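Read through the structure below, which is laid out as structure tokens, and then see the notes.
The values are calculated or read from the model by the stated rules, or taken from the named source; none is laboratory data. For clarity, every value in this text was computed on a predicted model and none was experimentally measured. Using ideal geometry, Cβ is built from the backbone for each residue, glycine included, and neighbour counts are taken over all protein chains shown. Just the protein is used for accessible areas: all its heavy atoms, side chains included, with ligands, DNA and RNA removed. Shrake-Rupley method; radii C 1.70, N 1.55, O 1.52, S 1.80 Å.
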Amino acid sequence: MKAVILVGGEGTRLRPLTCNLPKAIVPVLNRPFLEHLLRYLQQHGITDVVLAMGYQPAAIQRCMGDGARLGVRLTYSVEDSPLGTAGAVKLAAARLDDTFLVLNGDVLTQIDLTAMIKRHREAKPKLSIALTPVDNPTAFGVVETDDSGMVQRFVEKPPPEKVTTNMINAGIYIMEPDVLEMIPTATRFMFERDVFPPLLANGAPVLAYPSQAYWIDIGTPQKYLQAHDDLLRERGTAIITEGKTEIHPAARLTGTVLIGAGCQIAPGARITGPAVLGAGCKVSKDTVIEGSVLWDSVTIDDKSFIRRSIIGAGSRIAGSRLQGCVVGDNITIRKDLPPGSRAWPDGKIESGIPLK
Ligand code: GDD
Ligand code: MG
């Protein structure tokens, strides 16, 4: 079965991290996020994958190549302007002549795709939608089902008073090719608003595949950190190094810490996991890093304190305190930032934005 992964979004909620990098390839455990998604597909026997791209397509293509390294065959479909989730799949329609899979490009999950495909083949609906329970359904597509497991209603980002269930669209669909006939060509069109509700109104059979398996959308700073916490917890308490790295014996590392190749960690540095350092990071003496993710080539100078923050590639924290902050790439921070600050590549600092 072929899969289309939607990777055209601008990653607005992850800015400033996504100012210069598409969300689909932000590093997760020091690997481009898509690598995790492609490995997941490959484990379920899906090896023919179309990437539907709009925002910064060249960066994604350069990073992922032909997919051979991951045991998949990647092809690319590029929108001139964003066509929305459905319009993007329509653009790739010529490559989809049989039952196919569609995935949002920002979900990290262990939903059993093999079982979902099997159920789809047995029940033969027009469309199957994977569902997952969440605490706050208003940020997602809420999906109501009946006793026989068929979808009754699909409401994208409902106001709180319209939420009737905590089961939401997990961003994984199995579709029959005739669903494509409902989508106009070269038109901005969303599955969530323009395809699923009318499909249901017309009485088409839409099957739900509810799952309690691990699932997270990595598209906000809070969820991005949470995904790292969860993935690192699976590794147990350990200091994991990915290549030659200098960790001074008088540095104190506790919990689960993943350290990329070529890092230097000075005496008196204290790193408390879950934490990730990208390749080539330099951590000076008397610094504290807790529950944070540093991308490649980040420099942390003496007396910096970094808690629950994300620091973009090539940036430097020059002795500052950061808590719940998101720092874009190639910036130098020379003063303490108020909690919940965003530091943009152009030097602008926005404050009072708690991690969400
Ligand atoms: N190619 C392409 N073109 N991809 C797009 C476009 C587009 O115009 N717009 C969005 N995407 C991609 C994004 O890159 C992302 O991978 C995916 O489609 C979903 O877009 P998001 O912007 O992340 O949507 P969301 O998280 O608010 O909501 C969606 O995902 C939820 C699950 O995480 C919806 O599908 C919800 O119904 C769902 O619950
Ligand atoms: Mg999303």
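Counting Lys and Arg as +1 and Asp and Glu as -1 over every other residue whose Cβ lies under 12 Å from the Cβ of GLY324, the net charge comes to +4. In summary, the lysines within cross-link reach of LYS126, defined as a Cα separation below 25 angstrom excluding same-chain residues under 8 places away, comprise LYS2, LYS90, LYS118, LYS157.
Taken over region 100-171, the percentage of Cα pairs per 5 Å bin, counting from 0 up to the bin with the maximum distance, is 3, 15, 26, 24, 19, 10, 3, 0. Just check region 184-251 against the gyration tensor rule for me: Cα atoms, a ≥ b ≥ c as the square roots of the eigenvalues, rounded for a/c under 1.5, and otherwise prolate or oblate depending on whether a/b exceeds b/c. It is prolate, given that a/c is not under 1.5 and a/b is the larger ratio.
When shorter helices are ignored and each DSSP H run of at least 4 residues is given -39500 (n - 2.57), the per-residue value for the chain at 222 nm works out to -4500 deg cm²/dmol.
Between THR12 and LYS335, full extension at 0.36 nm per residue minus the direct alpha carbon distance yields a gain of 113.7 nm.
The calculated FRET efficiency for ALA94 paired with LYS244, based on their beta-carbon distance and R0 = 41 Å, is about 0.30. Estimated from the Cβ-Cβ distance and a Förster radius of 51 angstrom, the FRET efficiency linking ALA139 and ARG270 is about 0.90.
For GLU234, the solvent-accessible surface computed with a 1.4 Å probe is close to 130 Å², ligands and nucleic acids excluded. For HIS120, the accessible area of its heavy atoms, probed at 1.4 Å with every protein chain present, is near 10 square angstrom.
All other residues whose Cβ lies under 12 angstrom from that of THR256 are scored, Lys and Arg at +1 and Asp and Glu at -1, for a net of -1. Need one word for region 106-253: rounded, prolate or oblate. Basis is the Cα gyration tensor (sqrt eigenvalues a ≥ b ≥ c); a/c below 1.5 gives rounded, then a/b vs b/c decides. Prolate, since a/c reaches 1.5 and a/b exceeds b/c. Using C-alpha pairs under 8 Å with a sequence gap of at least 6, the mean separation divided by the residue count of the chain gives a relative contact order of 13 percent. All alpha carbon pair distances within region 2-219 were sorted into 10 Å bins beginning at 0; the resulting P(r) in whole percents reads 8, 35, 40, 16, 1. Bridging of LYS335 to lysines at a Cα separation below 21 Å is possible for LYS282, LYS285, LYS303, LYS348, once same-chain residues fewer than 8 apart are set aside. Considering only alpha-carbon pairs that sit under 8 angstrom and 6 or more positions apart, the relative contact order computed for region 34-80 is 48 percent.
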